[in-house]
Amino acid sequence: MGRFVSQTAYRVDKKTYAANGQVLKFNPFEIDVNDTNLISTNYNFRQSLFFNQSSPVFGFDYTYQDNKSKQLLTNGYESRGLLTHELRTRWNMTRAWGFFTTSSLGEKTTLSQFFANRNYTIQIWEVEPKLSYQPNTAFRISGLFKYTEKENTAPGGFQKATVQDYALELKFNKLSKGSFNARFDYLLIGYNDEDNTPISFEMLSSLRPGRNITWSASYQQNLSGNIQISFTYDGRSTPSSKIVHIGGAQVRAFF
């Protein structure tokens with residue numbers, strides 16, 4: 001039993017109308033986004049169970065997460081929900097080689113009072129094995145494959161999507177100096193509906209059916225004891241669209 005660690009986090013913010021003449025109507029464990037007396041809420045519950053957390057060889061953790069929100073906008077109410085079950089495992093086969101897996105099952109919902117095309121319930125299933133090589137504390141390279149299935153199960157929904165993601169990650173870190181991270185993704189996406197709707201944007205993560213390529217790089221350097229500079233670059237290539245490049249720079253001063 002000493003190998004297990006449990007961690008629980010619960011937070012809720014609610015704003016409601018007074019009901020049936022009550023001056024105060026607040027129950028932190030009662031969350032119903034369809035309640036007409038509920039004006040807005042942010043609800044977050046997270047339960048994690050770790051096994052062999054301190055072991056450098058093998059371990060796993062399971063996380064259950066339930067997030068709900070409701071807001072009153074100028075065009076009516078909009079509520080969102082995300083429910084996930086996630087299992088992560090790690091196995092350091094040698095001092096340099098490690099094998100990691102992530103599996104998740106979840107449900108993502110959105111309900112808009114005014115925009116009917118934003119109403120959906122997406123069932124999500126993902127699995128991601130990753131192999132990493134880290135000969136020292138400064139360098140690591142990883143190859144991974146991520147397979148995702150999504151289906152809209154809301155009334156009248158029929159959309160389905162599959163995503164195959166082949167990725168390569170590179171990390172270089174020099175203590176007290178700086179770090180460099182880079183990632184390259186090749187994605188094969190299948191989708192059975194139009195790709196210019198709110199539901200397609202959510203299911204395809206702003207990409208398009210067919211072959212997609214994304215890449216990113218970031219560099220962070222400590223110039224002195226209290227000055228830090230960082231550069232970021234992201235790019236993507238999608239079918240029937242021009243290549244998109246996004247870059248940024250930031251300087252931080254610590255006092």
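The values are calculated or read from the model by the stated rules, or taken from the named source; none is laboratory data. Quantities reported herein were computed from a predicted structural model and do not represent experimental measurements. All Cβ positions, glycine included, derive from the backbone under ideal geometry; neighbour counts span all protein chains shown. For the accessible areas, the whole protein counts, side chains as well, though only heavy atoms, and no ligand, DNA or RNA atoms are used. Shrake-Rupley method; radii C 1.70, N 1.55, O 1.52, S 1.80 Å.
Quick notes on this one:
- Among residues of the stretch 139-165, those that are surrounded by fewer than 13 Cβ atoms within 10 Å (Cβ to Cβ) and in contact (Cβ under 8 Å) with a residue 12 or more places away in the chain, counted: 1
- Out of N75, N92, sole residue that is farther than 23 Å from N192 by Cβ and crowded, with 17+ Cβ neighbours inside 10 Å: N92
- Test: residue in the stretch 170-189 that is farther than 20 Å from S142 by Cβ, of a type in the set (F, W, Y) and touching a Leu at 6+ places or on another chain (Cβ under 7 Å): no
- Those strands (runs of 3 or more DSSP E) lying entirely in the stretch 159-239 with at least 2 residues in contact with a His (Cβ under 8 Å, 6 or more places away or on another chain): 227-237
- Restricted to the stretch 200-213, and to residues there that are among the small types (G, A, S) and open to solvent by less than 40 Å² (accessible area, probe 1.4 Å), the residue that is nearest to the chain's Cα centre (by Cα) is S200.
- The residues of the stretch 101-131 that are of a type in the set (F, W, Y), in a strand (DSSP E or B) and open to solvent by 60 Å² or more (accessible area, probe 1.4 Å) amount to a single one, W125.
- Residue that is surrounded by 11 or more Cβ atoms within 10 Å (Cβ to Cβ), more than 22 Å from the chain's Cα centre (by Cα) and modelled with pLDDT of 75 or more, where the choices are S55, S69, S48: S55
- Enumeration of residues in the stretch 230-250 that are exposed (fewer than 14 other Cβ atoms within 10 Å of the Cβ), hydrophobic (A, V, I, L, M, F, W, C) and under 29 Å from S176 (Cα atoms): I246, A249
- Qualifying residue in the stretch 214-229 (condition: open to solvent by less than 80 Å² (accessible area, probe 1.4 Å), under 23 Å from K146 (Cα atoms) and modelled with pLDDT under 95): no
- Residue within the stretch 186-199 that is open to solvent by 50 Å² or more (accessible area, probe 1.4 Å), at pLDDT 95 or above and of a type outside the set (D, E) present: yes
- Count - residues of the stretch 166-199 that are more than 30 Å from P135 (Cβ to Cβ) and either within 17 Å of the chain's Cα centre (by Cα) or touching a residue at least 40 places away in the same chain (Cβ under 8 Å) (or both): 3
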